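Right, one structure below, let's go through it.
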Amino acid sequence: MAMKGLVKQVGDALWELSPTFQDGMNVPVRIYATPGLLEAMDEGVFQQAANVACLPGIVGYSYCMPDGHRGYGFPIGGVAAFNTRDGVISPGGIGFDINCGMRLVATSLTWDEVEPCLEKLVDLLFERIPAGVGGSGLLSISRNTFRDLLEGGMAWCWKHGYAWDEDLRRTEEGGCMTGADASTVSEKAVERGYKQVGTLGSGNHYLEVQVAKPENIADEETARALGIDRPNQVLLMLHTGSRGFGHQVATDYLQRFILVMNSEYGLGIRDRELAAAPFHSPEGQDYFAAMQCAVNMAFANRQLILYRIREVFAELFGKAPEELGLHQIYDVTHNTAKVERHRVEGHEMELLVHRKGATRAFAPGMSDIPPEYATVGQPVIIGGSMETGSYLLVGAESGAPTYYTTAHGSGRTMGRRQAKRTYKGADIQNKMRSRGIYVRAKSMSGLAEEAGGAYKSIDEVVDAAEAGGLSRKVVRLVPVGNVKG
Amino acid sequence: MPHRILGDETTYDAAFEAWAGDLTALFRECWDVTLSFLVENPEEIRSDAREVVTLESDSVELLLFEFLGELLYRKDAEERVYRLGQLELDGGSAPAPDSTPVTDGVGPGQDGRVDAEESSAGVGEPGVRAGRGASYRLEAEIVGETLDPERHCYGVDVKAVTLYAFTVELRDDGWFARVVLDT
């Protein structure tokens, strides 16, 4: 019987796969989705979420968010929390692109003011922000300085004049995970990463110019509290991560975990990409410290790109970035593992929460939210396809069951190869131009892979997250310009 | 050398299967396919730089994993893209007498699906090991040049080899590999 047929609806936009589905499951699987999204999900999602449910120390449920699709080991959109006493840490539950994440930046400009120079703006951003395969970044630093950056994250950027005070405050973890220890990072990872700070990358990474149209604002009061306070305001959305550095950290530790997980710790897993080690083992702690280095590298990467964005706007509009209102709204990661305290079955527990293609969405009043957002909740930035649009959401109190976690994007419905055969990059570029979206891309085939038709409906994903109580809509943002790697 | 790109039936970033009569040819094929994701015109890569990569492992799977990973690492660290020159691989023309079979339970993929997670058995350390005390040793000459967006038609930036469904195995008709790449 198809696995999809075994899930039972247990709430609004919530489905459950019983632990009897497969031997060894420690907890049930719960999937947040509309009936349509559930139907469209790859069967592999259910199997992968069930495999995650077998990992030692998992508590509550093995979750999948509405944008879930089959990944490597964990599904993309997978959320799993492990008791820190006897649970595990798994690089596959975080992803290769550690701290792949989103940053949203406001401007005080309206579409009327930007439209006449949109092409010039996008061209300048395309020229000044390195993108594509490989690529050197905006910083020329030594390997030792890079190690300092790995431990300091955005604090390093602030110290060297690349960040405003408020940038740090408006970033998850303040832009620096303090457990980062550069001595746990291989020379290879350093060699691979020290030239890449301030690069966009390729694939689904992008920098987008967007507009908040009045008709797309779902909650005006919250939008105003987050800095969206005028009709047709122009914003910038950035999606990138820790580049080759994070991938090297993940690769190094996957290899290390594979060699010890059975022989040292007797961990039986169902997919080598779920390679894991006890959280408090030497290997687990080393990976956690190295992972935090990659988290900090990604925060710094996005910060350096913001620094360059501010330079470009100042040059084009002849005003200081402060005058142009280039305030960061928020920066949030969607590939991490973090130690947090949550209630599980009535008991508060210290948990290691893995979020892979899933976004933390803290509710109003919770700690680690900027004071100016305390009453509205943590901003959540959900990137859609380059053709369709994106969302700014906030966390909600009803998100407690998923450790306050929601979706991260649209989720693919079509493989990259199929997308390339279905679409042509130049056609996509022309079609988008005719719809008022100006795109510059390093790779035309890469552009075809990112066609809107290759992704799920972002609206349905966000609706499912809201129906499931995971997050609340604030504004839908429409693209007008896009820089792609 | 045959290979098949997987993609229509999955949402993976980049994945392929490859077949060859011996391990040396299999490793070569696997890099050639990986390179074709990175650069759409690999035949344009010049031979400006020449290096030798030497790797050893007691697992042929980990050796291929490390080999592909090494060349991807050099793409970022050296900002160079490489083709393969001479390639020598010792210790793996056939499984050693006490070899351990691949434990993934991954089927032959007749329908092209990558279905490691459908295995009902637990999986562990990589399979197809060299005999006790023995190892696989690879020495590869790599030739290439600095990445140049003006001449190299970029595809997608492959950044890692995943262990998901990763397979190297000797079948009746020769060596087989399945590789899923992260981009």
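Numbers at a glance
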{"quantity": "Which numbered condition A:GLY132 fails, given (1) open to solvent by 50 Å² or more (accessible area, probe 1.4 Å); (2) not in a helix (DSSP H, G or I)", "calculated": "(1)"}
{"quantity": "Candidate set: region A:144-193, residues that are surrounded by 18 or more Cβ atoms within 10 Å (Cβ to Cβ), of a type in the set (Asp, Glu) and within 22 Å of the chain's Cα centre (by Cα); chosen: the one farthest from the other protein chains (Cβ to nearest Cβ)", "calculated": "A:ASP167"}
{"quantity": "Filter result for the condition that a residue is under 26 Å from A:MET349 (Cα atoms), aromatic (Phe, Trp, Tyr), crowded, with 24+ Cβ neighbours inside 10 Å and not assigned by TED's automatic domain parsing to the domain that holds A:PRO278, over A:TYR63, A:TYR72", "calculated": "A:TYR63"}
{"quantity": "Residue pairs meeting the criteria (Cβ under 8 Å; at least 6 apart or on separate chains; first within 22 Å of A:GLY485 (Cα to Cα), in region A:107-129; second acidic (Asp, Glu))", "calculated": "A:LEU124/A:GLU315; A:ARG128/A:GLU311"}
{"quantity": "Sole exception among (1) under 18 Å from the mean Cα position of the chain (by Cα); (2) more than 14 Å from chain B (Cβ to nearest Cβ) for A:GLN233, by number", "calculated": "(1)"}
{"quantity": "Sole residue being assigned to a loop (DSSP other than H, G, I, E, B) and of a type in the set (Asp, Glu), chosen from A:GLU387, A:GLU350, A:GLU372", "calculated": "A:GLU387"}
{"quantity": "Enumeration of residues in region B:141-180 that are under 17 Å from A:GLY71 (Cβ atoms) and more than 10 Å from chain A (Cβ to nearest Cβ)", "calculated": "B:ARG178, B:VAL179"}
{"quantity": "Residues within region A:373-389 that are open to solvent by less than 10 Å² (accessible area, probe 1.4 Å) and over 30 Å from A:LYS431 (Cβ atoms), tallied", "calculated": "4"}
{"quantity": "Residues satisfying the stated conditions in region A:32-70, i.e. touching a Leu at 6+ places or on another chain (Cβ under 8 Å) and within 11 Å of another protein chain (Cβ to nearest Cβ)", "calculated": "A:PHE46, A:ALA49, A:ALA50, A:ASN51, A:VAL52"}
{"quantity": "Those residues of region A:267-282 which are closer than 20 Å to A:GLU350 by Cβ and either surrounded by 24 or more Cβ atoms within 10 Å (Cβ to Cβ) or in contact with a strand residue (DSSP E or B) (Cβ under 7 Å, 6 or more places away or on another chain) (or both), in sequence order", "calculated": "A:ALA276, A:ALA277, A:PRO278, A:PHE279"}
{"quantity": "Conditions (1) closer than 22 Å to B:ILE142 by Cα; (2) at pLDDT below 90: number failed by B:LEU71", "calculated": "(2)"}
{"quantity": "Wholly enclosed helices (runs of 4 or more DSSP H) of region A:394-461 bearing at least 1 residues at pLDDT 85 or above and open to solvent by 60 Å² or more (accessible area, probe 1.4 Å)", "calculated": "A:416-422, A:425-434"}
{"quantity": "Residue check for A:GLN255: part of a loop (DSSP other than H, G, I, E, B) and either more than 30 Å from A:GLU115 (Cβ to Cβ) or outside the structural domain of A:GLY153 (by TED's automatic domain parsing) (or both)", "calculated": "no"}
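The values are calculated or read from the model by the stated rules, or taken from the named source; none is laboratory data. Bear in mind the structure is a predicted one, so any value in this text is a computation, not a measurement. Backbone-built Cβ (ideal geometry, glycine too); neighbour counts: all protein chains shown. Side chains included, ligands, DNA and RNA excluded: accessible areas come from the protein's heavy atoms. Shrake-Rupley method; radii C 1.70, N 1.55, O 1.52, S 1.80 Å.
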